[in-house]
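Enquirer: Take a look at the following structure, please.
The values are calculated or read from the model by the stated rules, or taken from the named source; none is laboratory data. In this text, all values refer to a predicted model and were calculated from it rather than measured experimentally. So basically every Cβ, Gly included, is an ideal-geometry build from the backbone, and we count neighbours across all protein chains shown. These area figures cover heavy atoms from the full protein model, side chains too; ligands, DNA and RNA do not enter into them. Shrake-Rupley method; radii C 1.70, N 1.55, O 1.52, S 1.80 Å.
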Amino acid sequence: METIPAKSIVNRTKDPSWFGTEYNMNIYRGCCHGCIYCDSRSDCYRNGSFDQVKVKANALRIIRDDLERKVRPGVVGTGSMSDPYNPFEEELQLTRRALTLLEAYGFGVAIATKSDLITRDADVLASINRTMPAICKITVTTCDDALAAKVEPHAPSPSRRLAALERLSAAGLFTGILMMPILPFLEDCPENIRDIVNRAADAGARFVYPALGMTCRAGQREYFYQKLEECFPGQGLPDRYQKRYGPRYKCVSPKARALWEVFREACSRRGMLYSMGHIVAASRRGHETDQLSLF
């Protein structure tokens, strides 16, 4: 695997309100899940070889040094620009060893992933969770494995992800679903929204956090339209997106208002959290609040 240089890996976040993460950590660069909608393909991130996963050289030493320099512990987010459980992680185990460093230095973690490999590290996450939050966020945009195979072609199926969610929940971890993005004209129907909420609840998850639409900007947009035509030929989806959204960055579903009511009703009926403030508060309940900075 190709390595890339890095001076620092655990860095302060600009907005700690996102799941209460005071720091961000990405050991890998790029992703091989092949999701056709991925925002990280955008030109602004300057990663022309996005589908090729690269690893930051001397990552564990840099992470150790970064943690030693922090004045106070906090929650470290990972998975924002690359999946920390990409297939190479099974052998390299860099994410696992980084988690052990977070535990040793008294930091919490908030992981976002599309991989069921996260269940391998349930033991370390449980150890972290004894003193600090350990939030497991698994992305599910549809429970339809066939549709997911088109829009997320190399990621583990939603069925596998939901099974992983159930195992993590059974281990006593704070789990939930990132229901994002919900693709307009493909996934934005009430049946899909209810299905995701119900399957999350059945798996023992505590929350579902939604985005009823997607982002679309230079670099990402062209790739997305190309893949729409390849995966859904003859349906005119690129034209529908262009007519509806043009060059807009935020492409909110035209059904967003009605879908929000469906989502809120489903969450209320199943006792699922969906407000960011409530999610963060619940994830920190039972931990020593004087160790955690407020956001």
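Enquirer: Give me the accessible area per residue for segment 11-60, probe 1.4 Å, as a whole number in Å².
Expert: 44 Å²
Enquirer: If you roll a 1.4 angstrom probe over the protein chains with everything in place, what fraction of the accessible area of segment 133-241 belongs to carbon and sulfur, to the nearest %?
Expert: Reported share for carbon and sulfur atoms: 49 percent.
Enquirer: Still on this model: Not counting ligands, DNA or RNA, and with a 1.4 Å probe, what is H154's accessible surface area in Å² rounded to the nearest 10?
Expert: Here the residue's solvent-accessible area equals roughly 130 Å².
Enquirer: I've got another one for you. Expressed in nm to one decimal, what extension gain is obtained for the pair R270 and E230 from 0.36 nm per residue of sequence separation less their Cα-Cα distance?
Expert: Between R270 and E230, full extension yields 10.7 nm more.
Enquirer: A follow-up question, please. Would you look at the GNM of the chain, springs on alpha carbons closer than 10 Å, and say which of G234, G176, G213 moves the most?
Expert: Checking each option, the largest mean-square fluctuation is seen for G234.
Enquirer: Mind listing the phi-derived Karplus ³J(HN,Hα) values for segment 55-72, rounded to whole Hz, using 6.51, -1.76 and 1.60 with θ = phi - 60°, and x for any glycine or proline?
Expert: Values, residue by residue: 10, 6, 5, 6, 4, 5, 5, 5, 4, 4, 5, 4, 5, 4, 7, 5, 5, 9 Hz.
Enquirer: So, one more: Summing Lys, Arg as +1 and Asp, Glu as -1, what charge do residues with Cβ under 11 Å from the Cβ of E22 carry, E22 excluded?
Expert: Spelling it out: positives minus negatives among the neighbours equals +3.
Enquirer: So for the pair S17, A281, with labels modelled 7 Å out along Cα→Cβ, what separation do we get in nm?
Expert: In this crude spin-label approximation the distance works out to 1.5 nm.
Enquirer: Along the Cα→Cβ direction, 7 angstrom out, place labels at E68 and H154. What is the inter-label distance in nm?
Expert: In this crude label model, E68 to H154 measures out at 3.6 nm.
Enquirer: Could you tell me which trypsin sites (Lys or Arg not before Pro) in segment 6-42 are loop residues by DSSP with no more than 16 other beta carbons within 10 angstrom of their beta carbon?
Expert: Here the sparse-neighbourhood loop sites are K7, K14.
Enquirer: I've got another one for you. Using the Cα centre of the chain as the reference point, and only Cβ charges (+1 on K/R, -1 on D/E), how large is the resulting charge dipole? Debye, rounded to the nearest 20.
Expert: 740 debye
Enquirer: Within the chain, how many Lys pairs sit with Cα atoms under 15 Å apart, leaving out pairs fewer than 8 places apart on the same chain?
Expert: Lysine pair count for the chain: 4.
Enquirer: When the Karplus curve 6.51 cos²θ - 1.76 cosθ + 1.60 is applied with θ = phi - 60°, which whole-Hz ³J(HN,Hα) does each residue of segment 123-136 get, with x for Gly and Pro?
Expert: 5, 5, 4, 5, 5, 4, 5, 5, 10, 9, x, 10, 9, 10
Enquirer: Treating the angle as unsigned and between 0 and 90°, give the value, to the nearest 10°, between the Cα long axis of helix 190-202 and the longest Cα principal axis of the chain.
Expert: The angle comes out near 30 degrees.
Enquirer: Still on this structure, please answer the following. Counting other C-beta atoms within 10 Å, and keeping those with at most 15, which DSSP coil trypsin sites (Lys or Arg not before Pro) do you find in segment 76-124?
Expert: Passing sites in segment 76-124 do not exist.
Enquirer: I've got another one for you. Per-residue ellipticity at 222 nm for the chain, helices alone: DSSP H runs ≥ 4 residues times -39500 (n - 2.57), over residue total, nearest 500 deg cm²/dmol?
Expert: Only helices count here, giving -11000 deg cm²/dmol.
Enquirer: Then there is this: Suppose all protein chains stay in the model; what accessible area per residue would a 1.4 Å probe give for segment 98-255, in Å²?
Expert: Counting only protein heavy atoms, the per-residue value for segment 98-255 is 38 Å².
Enquirer: OK, next. Loop only per DSSP, at most 14 neighbouring Cβ atoms within 10 Å: give me the chymotrypsin sites (Phe, Trp or Tyr not before Pro) in segment 1-110, ordered by residue number.
Expert: Taking segment 1-110 and a limit of 14 other Cβ atoms within 10 Å, no loop chymotrypsin sites (Phe, Trp or Tyr not before Pro) are found.
Enquirer: I'd like the distance separating the alpha-carbon centroids of segment 94-124 and segment 1-55, in whole Å.
Expert: Distance between centres, Cα-based: 16 Å.
Enquirer: Which whole-angstrom value gives the distance between the alpha carbon centres of segment 259-283 and segment 192-247?
Expert: The two parts, judged by their Cα centres, are 21 Å apart.
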